[in-house]
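Asker: Questions regarding the structure given below will be posed in turn.
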């Protein structure tokens, strides 16, 4: 992907950001561990950290987070790393690592949770794995944060960030319809919806907290009018 000169204060490049590099390392490491393990070890690894709707019903809540580390399909691994290189560093540099990590955790958790809940009704044995909810959420976030940023997809198709995100969402929707993969698809779009809420200005917990504190202070204390009086008093010494 080629980036044109962006807005001031935003740096585009192919260099991985710190958190993105950790995500690539963890996903690649667990993929190699799974690839070179025996059948018994693979099954144990999936049972320990992999998420299924049945596991969620069994109370394995930690798997909503740990399943993001497990990617068993080479094509999924390639796509994840490609997106981590193309989009994610831009978001992390723009937000900062702390806010970016919150975004990763929130979108992964919501995406996996929705997939598992849908899977309870559709396919309780479905395996929900990988960083895909966060990956698609990062594309949606890029479309909001850099909506007017001109980009060229692989140097061929010039478009803006918003157009790129919408096009990816349409492609994903069509792919899910063809594959009838309702379990994964529901989680992908749930994560993308959360990304839109978190980046569009609708979700502002800091502002809500400040308003709540202001409301509590007003209830606790009486506000007394101050300032200069309308009638200026003169004093004689």
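The values are calculated or read from the model by the stated rules, or taken from the named source; none is laboratory data. The model shown is predicted, which means the values in this text are computed figures rather than measured ones. Neighbour counts are summed over all protein chains in view; Cβ atoms, including those assigned to glycine, are modelled from backbone coordinates with ideal geometry.
Asker: Return yes or no: is residue 33 surrounded by fewer than 19 Cβ atoms within 10 Å (Cβ to Cβ), at pLDDT below 90 and either under 20 Å from the mean Cα position of the chain (by Cα) or in a helix (DSSP H, G or I) (or both)? Break it down into steps so the answer makes sense when it comes.
Answerer: Working: surrounded by fewer than 19 Cβ atoms within 10 Å (Cβ to Cβ): yes; at pLDDT below 90: no; either under 20 Å from the mean Cα position of the chain (by Cα) or in a helix (DSSP H, G or I) (or both): yes.
No; evaluated as a whole, the condition is false for this residue.
Asker: Between 126, 147, which is outside any helix (DSSP H, G or I) and closer than 18 Å to residue 73 by Cβ?
Answerer: Numbers: 147 fails: closer than 18 Å to residue 73 by Cβ.
One residue alone meets the criteria, 126.
Asker: Would you pick out the residues in the range 62-96 that are surrounded by 20 or more Cβ atoms within 10 Å (Cβ to Cβ) and not in a helix (DSSP H, G or I)?
Answerer: Scanning the range 62-96 gives 70, 71, 87.
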